[in-house]
1. With the chain treated as a Gaussian network of Cα nodes joined by springs under 10 Å, which of 204, 234, 134 yields the largest mean-square fluctuation?
2. Using the crude model of +1 on Lys and Arg Cβ and -1 on Asp and Glu Cβ, and no other charge, please compute the dipole size for the stretch 39-155 relative to its Cα centre, in debye to 20.
3. Let me know the whole percent of all Cα-Cα pairs from the stretch 166-214 that are separated by more than 17 Å.
4. Residue farthest toward the positive end of the dipole of the stretch 149-202, with Cβ of Lys/Arg at +1 and Asp/Glu at -1: which of 197, 171, 154?
5. Around residue 183, with a cut-off of 14 angstrom between Cβ atoms, what is the net charge of the other residues, counting Lys and Arg +1 and Asp and Glu -1?
6. Looking only at 22, 94, 209, which one moves most when the chain is put into a Gaussian network model with springs between Cα atoms under 10 Å?
7. With all protein chains present, how much of the accessible area of the chain (probe radius 1.4 Å) comes from carbon and sulfur, to the nearest whole percent?
8. Have a look at the stretch 17-59 and give its Rg and Dmax from the Cα atoms, expressed in angstrom.
Amino acid sequence: MRDGSAPVSSRECALPPNDPRQYDDLAGEWWRPDGVFAMLHWLAEARAALVPPARRPGALLVDLGCGAGLLAPHLAGKGYRHVGVDLTRSALEQAAAHGVTVVNADATAVPLADGCADVVAAGEILEHVPDWRRAVAEACRLLRPGGLLVLDTLNDTALSRLVTVRIGERLPAVPRGIHDPRLFVDDRELVRECARHGVALRVRGVRPQTVGMAAWLLRQAVPGLAPRALRAARAPRIVPTRSAAVLYQGRGIRQG
């Protein structure tokens, strides 16, 4: 057991990087706010902030790579029917329990109609699919004219690989091999690919808030010794940053 973290699966080190079976091994971690998927909670909140209230009754939001439905609490009251698409059945069971209508499918081949979605969310999924361009094509295909695409992903840079893999996957409570850096997505290429499919995407760099991130790291490293104020500290917010070299958000409208 790593200090301050969940038990390590016996398969964790044997699986190749980015193997989807890791998510079955970590199924009990999805809804632990300070656990393995803590940063996905922070990113889900930031992604939901890009989604406006629904403009029409019956509006549909398609959540590609929805995992266990972490976006759902942050969409409450916005008026969308939330459909989540994911390959991992153990995650989808939890998403359904949080009110998501689930679809067990690949993000590059979604069994939903063209132009069905008012919003497509693709959070922390593009860097996990072998062909991110196909996933982008699917996301854009699903959008109705005037529909909104929101996403976040990791940039294909040396700095991103250093921060996310070489450093990040050695931190407490972060599973090793969860990323394959060969799949990271260059932000300029992503903007061009979205434009090919009729979506004018704008990107901006984001990062976890420094003080909150430091408190979270200390809680993971020495949970029993962290001061009470740090144990009670709010999870870090995701905030804009001047550089998109590591982590970035995108927001774009499907042209008519």
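1. 234
2. Values: 10 positive and 12 negative charges, 91 e Å.
Computed about the Cα centre, the dipole is about 440 debye.
3. On the way: 693 of 1176 pairs.
Result for the distance tail: 59 percent.
4. The one lying farthest along the dipole's positive direction is 171.
5. Details: positive: 133, 134, 161, 182; negative: 19, 124, 127, 131, 156, 180, 186, 189.
With Lys, Arg at +1 and Asp, Glu at -1, the net is -4.
6. Largest GNM mean-square fluctuation: 209.
7. Working: 6780 of 12150 Å².
Ligands and nucleic acids excluded, carbon and sulfur reach 56 percent.
8. In Å, with Rg to one decimal and Dmax whole: 14.7, 42.
The values are calculated or read from the model by the stated rules, or taken from the named source; none is laboratory data. For clarity, every value in this text was computed on a predicted model and none was experimentally measured. Reconstructed Cβ throughout: ideal geometry from the backbone, glycine too, with neighbour counts over all protein chains shown. Areas reflect the complete protein model, heavy atoms only, side chains present, ligands, DNA and RNA absent. Shrake-Rupley method; radii C 1.70, N 1.55, O 1.52, S 1.80 Å.
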